[in-house]
């Protein structure tokens, strides 16, 4: 159901583990997954070639990163959680809806979960979303023009904000790089925030889609607050302080825990 980087489920689990722990040894991974060290080394070779991990003495670690993670790496991290989130959002979408999608891997996976819908109208600056939507003959797909960001395959800049401002859609779907402890939404670039805010201002309902790793994750550009949206869709409950704010604001919180079949 969900297309992403062509790696195995074990390799995705390895990437998640190393991202969480910061390091893993070849021998430790072999014991954990019940395979030989030769098999693990082949897995690590694939992951390192894609830039998802990098080799270090005795094992692997996440690659050095000054900003956001590379898109290919983000596509596989927390994939089961993102698939669960996508399934939850898909249940709220009706045939014929007009949807605006932002950049990022979670919105892409949400789009992939909508292939059973009919006559959706898609507006996006995310070429991954546009490609997924283009596979459905009944969908009408409109994309923003402007500067293409290589690697991420998205379009940002002043034209993108004007693009989203030209439509009024039923539902806006976007993610963020991180959510600060006070509920501030964070990203890595001003243009990312501007595009996301344009979606928020021009939709009837906004869905913030994020896995639990985004809570407390640092990024340096502020833009909006978690209570600005109609619904927060996550794989686990937000931290208690944020949960109280969301309850007080009337923001709907949809929690859908990952399931084993979502990671396949």
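The values are calculated or read from the model by the stated rules, or taken from the named source; none is laboratory data. Predicted, not measured: the structure shown is a model, and the values here were computed from it. Positions of Cβ are generated from backbone atoms using ideal geometry, with glycine treated the same way; all protein chains shown enter the neighbour counts.
If I ask for residues that are part of a strand (DSSP E or B) and more than 17 Å from residue 106 (Cα to Cα), which ones from the range 206-251 would you list? Steps first, please.
Within the range 206-251, the first condition is being part of a strand (DSSP E or B), and the residues that meet it are 206-209, 215, 221-225, 231-234.
Result: 221, 222, 223, 224, 225.
So that you can scan it fast, the table gives a plain yes or no per residue for (1) touching a helix residue (DSSP H, G or I) at 6+ places or on another chain (Cβ under 8 Å); (2) surrounded by fewer than 23 Cβ atoms within 10 Å (Cβ to Cβ); (3) modelled with pLDDT under 95:
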residue	(1), (2), (3)
123	yes, no, no
148	yes, yes, yes
151	yes, yes, yes
155	yes, no, yes
171	no, yes, no
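Let's see how each residue does on (1) in contact with a strand residue (DSSP E or B) (Cβ under 7 Å, 6 or more places away or on another chain); (2) within 30 Å of residue 240 (Cβ to Cβ); (3) in a loop (DSSP other than H, G, I, E, B):
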site	(1), (2), (3)
128	no, no, no
133	yes, no, no
138	no, no, yes
141	yes, no, no
152	no, no, yes
164	yes, no, no
172	yes, yes, no
186	yes, yes, no
193	yes, yes, no
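Quick test of your reading of the structure: residue 150 fulfils all but one of (1) under 18 Å from residue 129 (Cβ atoms); (2) over 19 Å from the mean Cα position of the chain (by Cα); (3) free of Cβ contacts under 8 Å to residues at least 12 places away in the same chain. Name the failing condition by number.
The single condition residue 150 does not satisfy is (2).
From (1) more than 17 Å from residue 93 (Cβ to Cβ); (2) out of contact with any strand residue (DSSP E or B) (no Cβ under 7 Å at 6 or more places or on another chain), pick out the condition that doesn't hold for residue 118.
Status for residue 118: all satisfied but (1).
What do you reckon, is residue 242 surrounded by 16 or more Cβ atoms within 10 Å (Cβ to Cβ), farther than 25 Å from residue 167 by Cβ and either touching a strand residue (DSSP E or B) at 6+ places or on another chain (Cβ under 8 Å) or at pLDDT below 95 (or both)? Steps first, answer last, please.
Values: surrounded by 16 or more Cβ atoms within 10 Å (Cβ to Cβ): yes; farther than 25 Å from residue 167 by Cβ: yes; either touching a strand residue (DSSP E or B) at 6+ places or on another chain (Cβ under 8 Å) or at pLDDT below 95 (or both): yes.
So residue 242 passes the test.
Name every residue in the range 96-110 that is touching a residue at least 60 places away in the same chain (Cβ under 8 Å) and buried (at least 24 other Cβ atoms within 10 Å of the Cβ), in order of residue number. Don't jump to the end; show me each part of the working.
Here is the first cut: in the range 96-110, the residues touching a residue at least 60 places away in the same chain (Cβ under 8 Å) are 97-107, 109-110.
Selection gives 99, 100, 101, 102, 103, 104, 105, 106, 107, 109, 110.
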